[in-house]
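In what follows, a structure is listed as structure tokens, so that the remarks can point back to it.
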Amino acid sequence: MEMTGSQTVGPFLHIGLAGLYRDNLLTSGLEGEPVVIEGRLLDGDGEVVPDGMVEIWQANSHGRYADPLDTRQLPLEAGFRGFGRVATDANGRFRFTTVKPGRVPGQDGKLQAPHILVSVFMRGLIKRLATRIYFPDGEGHADDPVLNLVPAERRATLIAHRVAGSDALLEWNIVVQAGAHGYDETVFFDV
Amino acid sequence: MAEIAQYRRPAPNTQPEYRCESYMSTHKRSPSHPLILMPQTLSEVTGPVFGLNDIQAGDNDLLRQHSGDPLGERIVVSGRVTDDRGRPLAHSLIEIWQANAAGRYLHKNDQHNAPLDPNFTGGGRTLTDADGCYRFTTIKPGAYPWRNHFNAWRPAHIHFSLFGPAFATRLVTQMYFPGDPLLDFDPIYLSIPDEKARQRLISRFDWDNTVPDHALGFRFDIVLRGRDATPMEA
């Protein structure tokens, strides 16, 4: 059997998808370093995308996923789900409040750098774009098997920036397409 | 940790390319660099788990979200969600959204001058059962114009969003109706190069789920990526 083909979410995705909008992954008793990640979704003209949607998937601070498939003996706080979804606003902005995830193993069993998985959807995008957010402290970046697949000059698009004057606020933008605007195109993965 | 079994990738031409010449909005909303192929890690083979707490009774009945009955042709849309080896995906979340019978979405950005229906919102969700089966009751959406090119009309469709078991299996698609003359002219439908793959987005008329004196049945089966079952080790 062949997999069903992908189609765009179109401009009216909120009608079906707003029920699961979750911009705050914190739950009472959740351990770890709180972070707020915010950014803008930009198209090939450098215009903001006001009709997009961003989803995230991440482990907790112990590197454990809230999925029964992750059977490792690591703490998992009750109520932590690791999933977030927001629509971009009129200025193309999105924002998540969460904790920095712990390290999880890669294919070879070695630990990956802390990262959050991201799915991007919008009108004019015919299938999901998948990318990752890495953290500005650089923990584990040098040995990360996925970062190392990316040409060195493009890796910065995957790393959030610390916003001056705040401990918790990180900026991370999604640039769908390079262009005259001069922003570097975000690295997207074929997962 | 053992090597992680990988979700299979789709056959050539069965999925659209990001840039579709005839679908104008893709021109500035598609990456210019090729995607970077990566092996799936624990991060990509896990995914959010949804359950009964995420839905409410009646969320799969779009006819009963208001005090009155929506206008239009009542339909039952049902089918099965499986992986590419036919294994059912049980207890998996499906979200849908659609225009009303006149081809108008209940959305501030929809400027089409067809009437809104005070008894129709157009959003629904459900979980598949143990056999991967789902069922929605709704009205048949109308076709509507869009700005892609002169006299452009979208064929009637229902948007479907599915998670499956993993980040890697996430899929958003659209279900179409058999015999719709607009399909041959729709850049979004035609974005899938392979004709047979395209046609799998068209539901089939379904006598078995046609409810006497009430609603016509349409069947739409959905196939997500699968992988060989290899137990994950601690």
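In a shell of Cβ-Cβ distance under 14 Å around A:LYS100, excluding A:LYS100 itself, what net charge do Lys and Arg (+1) and Asp and Glu (-1) give? Result for the neighbourhood of A:LYS100: -1. Both the radius of gyration and Dmax for region A:96-191 are 14.0, 41 Å, in that order, over alpha-carbon atoms. Go ahead and collect, in residue order, the members of region B:1-42 whose backbone nitrogen is under 17 Å from a label point 7 Å along the Cα-Cβ direction of B:ALA152. Within reach of a label on B:ALA152, which here means backbone N under 17 Å from a point 7 Å along Cα→Cβ, region B:1-42 contributes B:17-30.
Counting only lysines at least 8 places from A:LYS100 when in the same chain, those with an alpha carbon closer than 26 Å to its own are A:LYS110.
I need the calculated FRET efficiency for the pair A:ALA78 and A:GLU33, taking r as the beta carbon distance and R₀ as 22 Å, to the nearest 0.05.
0.65
Which of the lysines could be linked to B:LYS28 by a straight reach, that is with a Cα gap under 20 Å, when you skip same-chain ones fewer than 8 residues away? Once the sequence-local lysines are set aside, what remains near B:LYS28 is A:LYS127. Dipole of the protein assembly as shown computed with +1 at Lys/Arg Cβ and -1 at Asp/Glu Cβ about the Cα centre; of B:ALA166, A:HIS14, A:THR97, farthest Cα towards the positive end is A:HIS14.
With a Förster radius of 35 Å, plug the Cβ-Cβ distance of A:ASP167 and B:GLU3 into 1/(1 + (r/R0)^6) and report the FRET value to the nearest 0.05. Walk me through the numbers on the way to the answer.
Numbers: r = 39 Å, r/R0 = 1.10.
For R0 = 35 Å, the calculated efficiency reads 0.35.
For the residues of A:64-70, the average number of beta carbons from a partner chain within 10 Å of their own beta carbon is 6. Shape analysis of region B:60-143 yields a ratio of the Cα radius of gyration to the Kirkwood radius, Rg/Rh, of 1.06. Please work out whether region B:131-234 counts as rounded, prolate or oblate from its C-alpha gyration tensor, where a ≥ b ≥ c are the square roots of the eigenvalues and a/c under 1.5 means rounded, while otherwise a/b larger than b/c means prolate and anything else oblate? The shape class here is oblate.
Just so you know, the Cα atoms of region A:14-117 work out to an Rg and Dmax of 15.3, 47 Å. Classified by the C-alpha gyration tensor, region A:1-49 has an oblate form. Its axis ratio a/c, with a ≥ b ≥ c, is 1.5 or above, and a/b does not exceed b/c. The residue among A:TYR65, A:ASN148, B:SER30 whose Cα reaches farthest toward the positive pole of the charge dipole of the protein assembly as shown, with charges on the beta-carbon of Lys, Arg, Asp and Glu, is B:SER30. Taking the convex hull of the alpha carbon positions in chain A and averaging its projected area over all directions gives 12.5 nm². From largest to smallest, the equivalent ellipsoid semi-axes obtained for the protein assembly as shown from the alpha-carbon gyration tensor read 35, 24, 21 Å. Evaluated with a Cβ-only charge set (Lys, Arg +1; Asp, Glu -1), chain A carries a dipole of roughly 320 debye about its Cα centre, given to the nearest 20. Taking θ as phi - 60° and the Karplus parameters 6.51, -1.76 and 1.60, the scalar couplings of region B:211-226 work out to 9, x, 6, 9, 7, 7, x, 10, 10, 9, 8, 10, 10, 9, 4, x Hz in sequence order, x denoting glycine and proline.
Note on chain B: Rg/Rh from Cα positions, Kirkwood definition for Rh, rounded to two decimals, is 0.98.
One decimal place: the segment B:HIS214-B:LYS196 gains 3.3 nm when fully extended, by the rule 0.36 nm per residue minus the C-alpha distance. Charge dipole of chain B (Cα centre as origin; +1 on each Lys and Arg Cβ, -1 on each Asp and Glu Cβ, all else neutral): 500 debye, rounded to the nearest 20.
Calculated on C-alpha atoms, the gyration radius of region B:3-108 divided by its Kirkwood radius gives an Rg/Rh of 1.03. Projecting the Cα atoms of A:VAL163, A:GLY46, B:PRO16 onto the charge dipole of the protein assembly as shown, computed from C-beta unit charges around the Cα centre, puts B:PRO16 farthest toward the positive end.
FYI, it's all coordinate maths here, none of it is from the lab. Being a predicted model, the structure only gives us computed values, none of them experimental. Glycine gets a Cβ as well: all are built from the backbone with ideal geometry, and neighbour counts include every protein chain shown.
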